[in-house]
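The values are calculated or read from the model by the stated rules, or taken from the named source; none is laboratory data. Since the structure is predicted, the reported quantities are computational estimates derived from the model, not experimental observations. Cβ coordinates were reconstructed from backbone atoms using ideal geometry, including for glycine residues, and neighbour counts include every protein chain displayed.
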Amino acid sequence: MHLTQWTDYSLRVLMYCAATAERSTPATISEIARVHGISRTHLTKIVMTLAELGLLKTTRGRGGGLRLMKPAAGITIGDVVRRTEKDMALVECFDPARNTCRIGDVCRLKTVLRRGLAKFMAELDGVTLAEVVGGVRPGAAARVPLSAVGRAARRKT
């Protein structure tokens, strides 16, 4: 399984927002771009999509920024992956429109791969955003485990 860069960056944005949830100032696109070394323009597109998906709340202007729409403990990694990956077909035979395989009638590989993908997604469904940013328990104050988060916030001032 290979996740796209889009999903990787989407997860990074959400993780950063989870890690900084208890800060008085919200995270910003510029801050996240600086910390991760990602194009601000590219992150802006990703943030817009995450907002459309109901995962982020964005506020413009002075004091604006990004906040999670719900607690990090209520967002599973599996849900984010499903909503940000455009093509979950591991091989072409998963997609009848692209399938050119000539042994499809006797091949059992597709079944094995489907089971593997289902197990992979089940594993991701069992992990919350809170857990991947340092094991924040539901209801607990979010810690900021990323030392880079503090550095980026200091650079902003």
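Residues that are more than 23 Å from GLY63 (Cβ to Cβ) and acidic (Asp, Glu) within the range 1-49 comprise just one, ASP8. Could you tell me whether LEU43 is under 19 Å from ILE29 (Cα atoms), within 14 Å of the chain's Cα centre (by Cα) and not acidic (Asp, Glu)? It is true that LEU43 is under 19 Å from ILE29 (Cα atoms), within 14 Å of the chain's Cα centre (by Cα) and not acidic (Asp, Glu).
One line per residue, one yes/no per condition, for (1) free of Cβ contacts under 8 Å to residues at least 12 places away in the same chain; (2) touching a His at 6+ places or on another chain (Cβ under 7 Å); (3) closer than 14 Å to TYR16 by Cα; (4) not in a helix (DSSP H, G or I):
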residue: VAL35; (1), (2), (3), (4): no, no, yes, no
residue: LEU50; (1), (2), (3), (4): no, no, yes, no
residue: ASP79; (1), (2), (3), (4): no, no, no, no
residue: ARG83; (1), (2), (3), (4): no, no, no, no
residue: ALA89; (1), (2), (3), (4): yes, no, no, yes
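As a summary of the residue check, CYS93 satisfies the conditions (1) in a helix (DSSP H, G or I); (2) over 30 Å from ALA118 (Cβ atoms); (3) at pLDDT below 95; (4) not basic (Lys, Arg) except for the one numbered (2).
Taking the criterion of being loosely packed, with under 11 Cβ neighbours inside 10 Å, aliphatic (A, V, I, L, M) and modelled with pLDDT under 75, would at least one residue in the range 141-152 satisfy it?
Looking for residues that are loosely packed, with under 11 Cβ neighbours inside 10 Å, aliphatic (A, V, I, L, M) and modelled with pLDDT under 75, one finds at least one in the range 141-152, hence yes.
For the range 106-128, which residues satisfy the criterion of being surrounded by 12 or more Cβ atoms within 10 Å (Cβ to Cβ) and among the β-branched types (Val, Ile, Thr)? Selection gives VAL127, THR128.
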